[in-house]
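What follows is a set of notes on a single structure, which appears directly below.
The values are calculated or read from the model by the stated rules, or taken from the named source; none is laboratory data. Values in this document were obtained by computation on a predicted structure and should not be read as measured data. Neighbour counts are summed over all protein chains in view; Cβ atoms, including those assigned to glycine, are modelled from backbone coordinates with ideal geometry. Heavy atoms of the whole protein, side chains included, go into the accessibility calculation; ligands, DNA and RNA do not. Shrake-Rupley method; radii C 1.70, N 1.55, O 1.52, S 1.80 Å.
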Amino acid sequence: CRRPSPGAPIGAPRPAPAASMASPKAAAWTTEGMTQDDFMLKDECIAVNYMDEVVGHDNKYNCHKFMPGQPRGILHRAFSVMLFDADGKLLLQQRAPKKITFPKVWTNTCCSHPLHGMSPSELDSPTDVAAGIHMGVKHAAVRKMGHELGIPLGELDPKRFKYMTRVHYWAADVRTYGSEAPWGEHEIDHLLLYQLRPGEKLTLKPHPEEVSATRWIDMETLKRALSGTDRELQAEMPLWSPWFRIIAKTFLYKWWAELNLALTTSKHVDLKNIHRFDTDFHGGAGHAGAHLDEVATAEAAAQRTGGEEKRRRLALDAERDDRVAGFVGRGKAGVSATANGSKQGAYGKVPTHSTSKMDQLCRPLEVTAGLRMKFGGLLKNNIKTASAKSKDVAFCDDMLGKVSRSFAAVIRQLEAELCVDICVFYLVLRALDTVEDDMEAYKGREKDKATELRQFAKRRLTDLNCSIKGVGSGDERTLAEQFGAVSRVFASLPKGSQEVIADITQKMGDGMAEYVDADLGQGTVDQVAYDRYCHMVAGLVGEGLSRIFVARNAESADILGQGERVWPFCPDPKKQPANLGLANSMGLFLQKTNIIRDYLEDYVDGRAYWPQSVWKKHAKTSDLGEFARPTAHGAGTRLKVKGPPCHIAAKGVGVQAIMCLNELVADALELVPDSLEYLARLKTPSIYRFCAIPQVMAMATIVECFDNPLLFTGVVKIRKGLTARLIIATIDGPEAVHWWFHRLAQEVLDRQEGERACVGADGALGARLRAASQRILDGTRAMAGMCEAQRTQKGLLLCGTLTMAAAAAIALAHNKGWNTPR
């Protein structure tokens, strides 16, 4: 788990500022030549949270798709008009068969959506909503009643619409499309009343693609029609919209009974509450179940015990929990056949995308590499000798294997003395992480936790009988409880190593303590905060390792120098040449790769790290979780889906998530030249392997993540066989490592044009990716070429050997046949 970064926003996604919702120049809205499909693609609904606060916008298709990843679609703002004539009869409409959602049903006079970017504006500010002004939805009502019912502009006065209250409901259109319905409604519906004056004219000319029929109806007839008890009415009006059933049953009859009071006073007006309802229309392609009734009950209890703020918090938490359940449940719905594993997140199991056994077996070089790694003894365990002499070292070795399978092998293959130093360094930081990551042990005692983190280096490292009780779980809990063994081994290390480990532990503990209370639900604030966080987590580790290598005289001070990237958290290289800039670049490359890969898991955990200054450039809402929606990462176009047919999923689908992903990949790839320079300065083979293994694996991982929509549905991992080949390459030497960097960079460059061009390839992002890839290719070309020549020479030698063996075998067989008596 990672630590908070500076300046991170606290709490749920913040409402988008009203200014951000306004288009630079609103385009004129027209119905001329437009089909239902055109409207669904062109019109941008206003996305809101459970408190009806605007968080962004998206097209109608995306908002109304019910599918794995967004089982209730995207919550958006709507309006429902109940228009009465002077005699108190209500105008109903029957939706046309061509309507995408709930066609052919009877419903209220007009039900539609205020839109983003309209003129006059259809966006109501929080102040306007609280005051009951709602001119945005009223302008929308006039526009849409003109479109659907043909009511000319000027016959309806926006100011005469009376706002009454809001209804939050959802309904999958299983009546039209069956149990796997790909379409549905999820709206916070603003309810409006309007009554014609005596003698006032109303022109009705319904649009045939919007409305099949209209009918003026009195209250008693409506009650019979909705109840289904009147056979004649049942035959004429068999189907009703789920939202109108809610409105009629819960509110309309009361208002209708006192229509004049409802229209002229505030007796029935409710500006504060949002009334939530489930409908009978559950399921759909996202397999969603009842939800809002339970939220409404919990809200009422929260209001009684904690007031408005507690109610608000509960509603937003319920929204996030439901959204996350949709994201993590997506793996269970089988969006991708490659989602065949799971990784535990805070809210459930996040799918892990790994290669099938058959695919792995079809790669013979990787299978061979895996067998060599398993049975060839390529990486030695040099801690064994020290472990035999000390129970404490044996404990450290055992815990290393339990708390980190990936790092254990590369640490153990270091030279005998050095591997113990690095093992202790790793375990100390892991114990520190365990304290920081435990959100339960210090719940309500955050100040105590901050003190523990700040004092860890001075208090725990020097306590030879240290035992940290009640922190962590599993093997990490054992490590904390028996930390005294680590402290005793630490005390036996050379003074130089002790000083480095204590210093880095102190710096990391201080950094963790600074952000104990931070909530990183929406990522780091900007690129500076993102880089600083990576420095705290991985850059400092790189610094510590480099200093230990030099302190042990295993490497020269050259590795402590500055690279091409100048970091604000490193000293000025002109004043302090050994400022550890290269070590930080190497660490930041690893950490940025991890952050990119772990997008969904981190979001689910409520501690995300993608910088807002980057992702908000691409997002259509103010929530980082938007990218996990299938409508944001090319589902149906760049990602095959199960559930709705691909042609439905593809309608209006966006690729903003992949665009953001590729920008972060470019940012990470720009650190590779410094990483390669750091490796070039290493002289000790075991240290080279120790540093090169995570670097080349990070390069393979970043390329696997690049332009990959699967990243937004689970954790993407490289194949185990490929991992084995990469590790063997570090054993073969720098030429083989450069060959892999060269090959992987070429894969990114090849995706900049042609049929397989990545998202953003034709713009500034593509230019940045090309430049970063070309830098890596230029820097690795010479040594990669040497490796290729060596492979060719080995191949020719092998072919020659096999040819000679075959010739000898043929000759031997021929001689035996020649000398055999007939």
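For Lys65, list the aspartates and glutamates whose Cα falls under 17 Å from its own Cα; do not include residues on the same chain fewer than 8 positions away.
Asp37, Asp38, Asp43, Glu44, Asp173, Glu180, Glu185, Glu187, Asp322, Glu626
Just to confirm the number: angle between the C-alpha axis of helix 656-669 and the first principal axis of the chain, 0 to 90 degrees, nearest 10?
The angle comes out near 20 degrees.
Could you give the C-alpha radius of gyration of the range 150-198 expressed as a fraction of 2.2 N^0.38 Å, taking N as the number of residues it contains?
1.69
Semi-axes, largest first, in whole Å: what does sqrt of 5 times each Cα gyration tensor eigenvalue give for the chain? Write out the running numbers ahead of the final one.
Values: eigenvalues 738, 215, 109 Å².
The answer is 61, 33, 23 Å, longest axis first.
How large is the accessible surface per residue of the range 390-475, computed with a 1.4 Å probe and reported in Å² as a whole number?
Using a 1.4 Å probe on heavy atoms only, each residue of the range 390-475 averages 46 Å².
Ordering Asp173, Asp605 by how much accessible area each has at a 1.4 Å probe, largest first, what is the list?
Largest to smallest exposure gives the sequence Asp605, Asp173.
Compute the helix-to-body angle for 416-437: its Cα long axis versus the longest principal axis of the chain, expressed 0 to 90° and rounded to tens.
So the inclination is approximately 20 degrees.
Out of Met586, Ala619, Thr631, whose Cα points farthest toward the positive end of the dipole of the range 542-659 (charges: +1 Lys, Arg; -1 Asp, Glu; placed on Cβ)?
The Cα lying farthest towards the positive end belongs to Thr631.
Under a cut-off of 16 Å between alpha-carbon atoms, report the aspartates and glutamates in cross-link reach of Lys384, not counting same-chain residues fewer than 8 places apart.
The qualifying aspartates and glutamates are Asp392, Asp397, Asp398, Glu415, Glu417, Asp421.
What does the highest-first list of 133-143, 435-445 look like by mean Cβ count within 10 Å?
Ranked by mean Cβ neighbours within 10 Å, highest first: 133-143, 435-445.
What accessible area per residue, rounded to a whole number of Å², is obtained for the range 717-787 using a probe radius of 1.4 Å?
On the way: 3200 Å² over 71 residues.
Counting only protein heavy atoms, the per-residue value for the range 717-787 is 45 Å².
What relative contact order, as a whole-number percentage, does the chain give when Cα pairs under 8 Å and 6 or more residues apart are counted?
Working: 1450 pairs, mean separation 109.4, N = 822.
13 percent.
Listed highest first by mean packing, meaning other Cβ atoms within 10 Å per residue, what order do 311-322, 641-652, 248-259, 590-601 come in?
So the peptides 311-322, 641-652, 248-259, 590-601, ranked by packing, come out 590-601, 641-652, 311-322, 248-259.
So, by mean Cβ neighbours within 10 angstrom, what's the order for 523-531, 205-213 with the highest one leading?
The peptides rank, most packed first, as 523-531, 205-213.
For a 26 Å ceiling on Cα separation, which of these pairs sit above it: Lys60/Lys144; Lys389/Lys507; Lys272/Lys617; Lys42/Lys205; Lys469/Lys720?
From the list (Lys60/Lys144; Lys389/Lys507; Lys272/Lys617; Lys42/Lys205; Lys469/Lys720), the Cα-Cα distance tops 26 Å for Lys389/Lys507; Lys272/Lys617; Lys469/Lys720.
For the chain, with the dipole built from +1 on Lys and Arg beta-carbon atoms and -1 on Asp and Glu ones, taken about the Cα centre, which of Leu204, Gly178, Gln562 lies farthest toward the positive end?
Going by the charge dipole, the pick is Gln562.
Roughly how far apart, in whole Å, are the Cα centres of the range 240-283 and the range 539-610?
59
What fraction of the DSSP beta bridges in the chain is antiparallel, stated in percent and rounded to the nearest 5? Don't jump to the answer; show the numbers that get you there.
Details: 39 of 58 bridges.
About 65 percent, rounded to the nearest 5.
Quick one: divide the alpha-carbon radius of gyration of the range 191-331 by 2.2 N^0.38 Å and tell me what you get.
Rg over 2.2 N^0.38 Å, computed on Cα atoms: 1.36.
Just to check I understand the Karplus step: with θ = phi - 60° and J = 6.51 cos²θ - 1.76 cosθ + 1.60, what whole-Hz values come out for the range 743-756, glycine and proline as x?
Couplings: 4, 5, 5, 5, 4, 5, 5, 5, 8, 9, 7, x, 5, 9 Hz.
May I ask for the net charge around Val748, where only other residues with Cβ less than 10 Å from the Cβ of Val748 are counted and Lys, Arg are +1 while Asp, Glu are -1?
Summing Lys/Arg as +1 and Asp/Glu as -1 gives -1.
Hey, got the dipole for the chain? About the Cα centre, +1 on K and R Cβ, -1 on D and E Cβ, debye to the nearest 20?
In total the dipole reaches around 1820 debye.
If you line up the long axis of helix 364-375 against the longest principal axis of the chain, both from Cα atoms, how many degrees apart are they, to the nearest 10?
Helix 364-375 and the main axis of the chain meet at about 60 degrees.
Which percent of the accessible area of the range 682-758 is formed by carbon and sulfur heavy atoms (probe 1.4 angstrom)?
The computed percentage sits at 48.
Could you name the lysines whose alpha carbon sits less than 20 Å from that of Lys616, not counting residues in the same chain fewer than 8 places away?
Reachable lysines: Lys592.
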